[in-house]
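First the structure, which I've put down as structure tokens, then a few questions once you've had a look.
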Amino acid sequence: MSDCLFCAIVAGVIPADIVSRTEHSVAFRDVNPQAPVHILVVPIQHSADLAAMTDDRPAAGHLMADATAVAQAEGLSPDGEVGGYRLVLNTGAGVGQSVFHTHVHVLGGRDFAWPPG
């Protein structure tokens, strides 16, 4: 999609601090981090949000597996000092989605409260 920020990052048109690239996704550090580790994992193929991926369950599965691999590569083990990581997917402007290209926030490196937000 020509006007999508994340599509431009995936294509290399807009620079980003890339931490991982697979055949299914690109992961990069968030420019406005909400935790010591805050990485966005985006599918290479554009979709607006997770709801738009319901017909492509393999792609959604790859996205989650890639997000988990990124968390592990960042040392966010569930048995580590902080005790894991949080994966967040926002679907819709009302819950905070501001870029309409499906993406997973990988957050870690500090304690998190529950419920969020």
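Once the Cβ-Cβ distance between Val13 and Thr54 is put in as r, and R0 is 35 Å, what FRET efficiency do you end up with, to the nearest 0.05?
Taking R0 as 35 Å, the efficiency between Val13 and Thr54 is 0.75.
Is the chain rounded, prolate or oblate when judged by the Cα gyration tensor, a ≥ b ≥ c being the square roots of its eigenvalues, rounded requiring a/c under 1.5 and prolate requiring a/b larger than b/c?
In terms of gyration-tensor shape, prolate.
Report, in degrees rounded to the nearest 10, the 0 to 90 angle that the Cα long axis of helix 57-73 makes with the longest principal axis of the chain.
Helix 57-73 and the main axis of the chain meet at about 40 degrees.
No value in this document is a laboratory result; all are computed from the given coordinates. Keep in mind that what you see is a predicted model, and the values were worked out from it rather than measured. For neighbour counting, all protein chains shown are included, and Cβ atoms are generated from backbone atoms with ideal geometry for every residue, glycine included.
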